[in-house]
Every structure is written in structure tokens, then in C-alpha cells.
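Take a look at the structure below.
The values are calculated or read from the model by the stated rules, or taken from the named source; none is laboratory data. Remember, it's a predicted structure, so these values are computed and weren't measured experimentally. Counting neighbours? That spans all protein chains shown, and the Cβs are built from the backbone with ideal geometry, glycine included. When the accessible area is computed, the model is the full protein with side chains, heavy atoms only, and any ligands, DNA or RNA have been set aside. Shrake-Rupley method; radii C 1.70, N 1.55, O 1.52, S 1.80 Å.
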Amino acid sequence: MKTLIAAYFQNQSGIHASIQAALRVLLAVPWPSKRDFLAGLQLLSVLQWIFSFLMLGMVSLILLIYLAFTSFWPISALYLVWLIYDWNTPENGGRSSIWVRNWSIWNYFRDYFPIQLVKTHDLLPSHNYIIGIHPHGILCVGAFGNLVTGATGFHEKFPGIKPFLATLAGNFRLPVFREYLMSGGLFPVTRKAIEYLISRNGTGNAVAIVVGGAAEALSCRPGVTTLILSERKGFVRMALRHGAHLVPAFSFGENDLFQQVLFKEGSWMRRIQDRFRKILGFSPCFFYGRGFSSVRSWGLLPFPRPVTTVIGEPLVVPRMENPTCEMVDRYHAMYIHSLRKLFDDHKAMYGLSETAELRIL
């Protein structure tokens, strides 16, 4: 018995010693600093954004289809009824939410890169505007951070102006994802949706269009600034028809956020990308960024590099119901001139050399 008692107390002493040793090791591990904690929040904010844009729509669609064959089928049925009832809302002004735009998570999203909005001229609430955003980049980080979220102070810098950002119409056919997009002020890049915002939604609307679109994304790579703009004149015609002023905007650093595998013009892979763009409105890009664990690892997260969106001077556009081709060409040339000036005036301040050129195709 004495032997058993002695063994028991010896075992207990060993356990206590092990616990004390483990506690000493744990206390010796340095706790994350405030800087590390903020960096983690910034990383998570970008991760949720990537997930939302690349997967939320398809995941929601698959989930609703699955629920339709379970005892939770009323959820799918009710959402289908809502979808039918609400189908035209994206093209009729959408359903923007100030609450969603001001989520605290967007502040961490802004600081990850960081993203900055630069104002050069006032935008008057008595007019409507079409803002041309350049370049497209891979995921339009600058356009999203500055025009969809309130993190960079758009409303404070342009009081009385309501920003909207155009995106692919197909995105609004995906359940749940459409609600997420509309809450941030995104709308389908269709003639009907644009005309509604600049003609039947009052004044003070700033409709932003990433003019280069999917075609421009295929030429996106660090250190090169190539825009698809020479034959993109529809936004100018729309501005003339409704008297909306044209505003050039350039996001410096947008092309530096990802590395892309580029295929030469005429190659079979490039032909496949072009075919996808013509059929579906977007091109499959083969790109990569950093991983979750470190900047040196590979993944789908953008590299933490500064993005600065500069909003240029409004180009006053007269209203004419049926603008001629000559008039469209004239204001299109004036817009390109303003965009080049904006680029040249700010390129050295935001990461480019004085000799950097803006190439327009």
C-alpha cells in the first residue's frame, strides 16, 4: 500500500511538473503584436472579398439546388419567388445599402494594399456623371475599394454624389450574390441600367464603367499600361444622349496586384480566351498572387501594393438626343486627351517613371 501511495504522489508530482513546464513554454512564446493582429485582419478581409467574387454566386446556387431536394425545400422555393419578383431591380437603380458600404471590414481591406482616392476637381450634385475607370486589371480592386465601399471617403470628398459601379450582367443572375452586389451600389453594365441612373434617378449620380472590360484584363501585367479604348465609344454616345458629364479616372498600381500568364495573339489559348469573352462577356485569366501564409508563397490573394485612384476633371458634355458619329468621335478624342493628361500629371507621384507611356489600343 505504501508503495502504491508513493507511486501515486510521484506520478502527481510528475504531472504538475509537466504542466508547469508547458506553461513556461507557452508564456515564453511571444504574443502577436498589435501590428501582427491588424495584418491578420487585413488578410482575412481580402480573403473574404476574393471568396465573395469568385465563389459566393456558385456556392449559393449549388446550396439552393441541394436544399430543394431536402426537407428545407421551402427556403429554395421562397427565394425563387423573390428572384422572379425582384428580377428587374438591378436595371432599375439597384438597392444600395449605406450600412454595407460602411462595414468596418472595408477599412482593413483598404489598409491591406493600401487603397487611396485622390480628388482633383469637384463633382456638382446638380449634374450626372459617367466615370471611365482605367485600367481594368484582374479584379478591379481600385474601382471596388473607392466606389463600392466608403473606406476611402468618396462621400466626404464628393458630397451629394451617389457612386455606382457597373459589372457583368451575368453576375446578377446568381442567387445571393446579386443581393451582395446591389448592396454595394453595383449594377449590370447594360444600356437600360445606365440610362436609368443618368436619366430617371434624379441628379448627383456618378456611374462608373470600367471601359476596357474583359479584353483589357488579358493584357494586364506589372509595369505595362495598355488600355482598350480606341473603339470603345458607347459610353460617350450615352453621355451625349443624356447630357452626363464625362470624368476620366485612373487607378495607378492596379496592374501590379497579380501576375498573369499571357498568351500571344493568335495562339490557341488566346483564341479560347477571346471566344469565352464573346460568348460569356468575360475571359478566363490565368493569374496568381500571394498565398495566405506569406507574400513569397503562391495563391489567389493580391500582392499588398498601393493602389491610387485619381478622379480627373469633368468634361462638360451637351445633351443631344441623336448625336452624330462625328460628334461622338469629337468627344471621344477629348476624353482620351483628358485621360492622357491625367496619367502624365500623376504617374511620377504614384509609382511610375516620368518616361512611362499610356498605350491605347
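Number of residues in region 185-233 that are assigned to a loop (DSSP other than H, G, I, E, B) and farther than 30 Å from GLU357 by Cβ: the value is 7. From the list LEU47, LEU78, LEU38, LEU43, the lone residue that is open to solvent by 50 Å² or more (accessible area, probe 1.4 Å), part of a helix (DSSP H, G or I) and touching a strand residue (DSSP E or B) at 6+ places or on another chain (Cβ under 9 Å) is LEU47.
Quick check, is LEU124 modelled with pLDDT of 95 or more, open to solvent by 70 Å² or more (accessible area, probe 1.4 Å) and under 30 Å from ARG319 (Cα atoms)?
yes
Being of a type outside the set (Ser, Thr, Tyr) and either buried (at least 23 other Cβ atoms within 10 Å of the Cβ) or at positive phi (or both) is the requirement here; does LEU197 meet it? Considered against the rule, which asks whether it is of a type outside the set (Ser, Thr, Tyr) and either buried (at least 23 other Cβ atoms within 10 Å of the Cβ) or at positive phi (or both), LEU197 comes out as yes. Close contacts from region 49-70, counting a first residue that is in contact (Cβ under 8 Å) with a residue 12 or more places away in the chain and a second that is of a type in the set (D, E, K, R), with Cβ to Cβ under 9 Å and a gap of 6+ residues or different chains, come to GLY57/ARG173; GLY57/ARG178. Note on region 204-231: residues that are surrounded by fewer than 19 Cβ atoms within 10 Å (Cβ to Cβ) and of a type in the set (D, E, K, R) total 2.
Between ARG95, ARG110, which is farther than 20 Å from PHE250 by Cα and either surrounded by fewer than 20 Cβ atoms within 10 Å (Cβ to Cβ) or of a type outside the set (A, V, I, L, M) (or both)? Result: ARG95 is the single residue among ARG95, ARG110 that is farther than 20 Å from PHE250 by Cα and either surrounded by fewer than 20 Cβ atoms within 10 Å (Cβ to Cβ) or of a type outside the set (A, V, I, L, M) (or both). Annotation for region 168-179: no member residue is in a strand (DSSP E or B), open to solvent by less than 50 Å² (accessible area, probe 1.4 Å) and at pLDDT 95 or above. Of everything in region 49-71 that is within 12 Å of the chain's Cα centre (by Cα) and of a type in the set (A, V, I, L, M), the residue that is farthest from TYR112 (Cα to Cα) is LEU54.
If the condition is being free of Cβ contacts under 8 Å to residues at least 12 places away in the same chain and in a loop (DSSP other than H, G, I, E, B), then region 285-321 contributes GLY291, SER293, SER294, VAL295, ARG296, SER297.
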